[in-house]
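The values are calculated or read from the model by the stated rules, or taken from the named source; none is laboratory data. Since this is a predicted model, take the numbers as computed values, not measurements. With ideal geometry, Cβ positions are generated from the backbone for all residues, glycine too; neighbour counts draw on all protein chains shown.
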Amino acid sequence: MEEDARKFLERALESLASAESDLTGGRYNSCANRCYYACFQAAVSALLRANIAPTGDWGHDFVRSRFGGTLINRRHLYPSTLKDALPDLFFLRQRADYVADGVSRTIAARALHRTQTFVQAVRETD
């Protein structure tokens, strides 16, 4: 599981780099999309390191509930300030991907800051 955890953290860092580039390049919807996936991939890495895995695929509901419920609420491995990051960024990604108005620069920048904090917290716990 450790090797898989490392691979997912590498993907999270790649998605984070894409989000940073997208914000700089004015691609705010893409930035929001990459922010969610950076956090999702970091959360998968954290779950794997905690020996938590689904019986099938890494579903979004599974990852969001287990990261917040198990790693934050029960085990206190991460600050409670991260608890709503995955659900909030999931809904922002949906807005960016499926709503005509999309995401503004200000909202994308806030999402990026939140994502940087989330990914850094997972890296520090590694």
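Being touching a Pro at 6+ places or on another chain (Cβ under 6 Å), surrounded by 14 or more Cβ atoms within 10 Å (Cβ to Cβ) and under 20 Å from PHE8 (Cβ atoms) holds for only one residue in ARG49, ARG93, ARG64, and it is ARG64. Annotation note: of ALA96, ALA85, ALA111, the sole residue that is under 19 Å from GLY68 (Cβ atoms), in contact (Cβ under 8 Å) with a residue 60 or more places away in the chain and of a type in the set (Gly, Ala, Ser) is ALA111. Of the residues making up region 21-40, none is of a type in the set (Lys, Arg), under 18 Å from THR115 (Cα atoms) and in contact with a Leu (Cβ under 7 Å, 6 or more places away or on another chain).
Entry remark, region 52-61: residues being among the small types (Gly, Ala, Ser) and either without any contact (Cβ under 8 Å) to a residue 40 or more places away in the chain or buried (at least 21 other Cβ atoms within 10 Å of the Cβ) (or both) number 2 in total.
Here is a yes/no grid of residues against (1) more than 13 Å from ALA32 (Cα to Cα); (2) touching a helix residue (DSSP H, G or I) at 6+ places or on another chain (Cβ under 7 Å):
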position	(1), (2)
THR70	yes, no
PHE91	no, no
GLN94	no, no
VAL103	no, yes
ALA109	no, yes
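All conditions in (1) crowded, with 22+ Cβ neighbours inside 10 Å; (2) among the polar types (S, T, N, Q); (3) closer than 15 Å to THR117 by Cα hold for SER80, with the sole exception of (1). Considering ALA19, ALA43, the condition of being surrounded by 20 or more Cβ atoms within 10 Å (Cβ to Cβ), modelled with pLDDT of 95 or more and either farther than 15 Å from ALA111 by Cβ or of a type in the set (Asp, Glu) (or both) is satisfied by ALA43 alone. If you go through region 9-33 and keep only what is touching a residue at least 24 places away in the same chain (Cβ under 8 Å) and either of a type in the set (Lys, Arg) or not in a helix (DSSP H, G or I) (or both), you end up with ARG11, GLY26.
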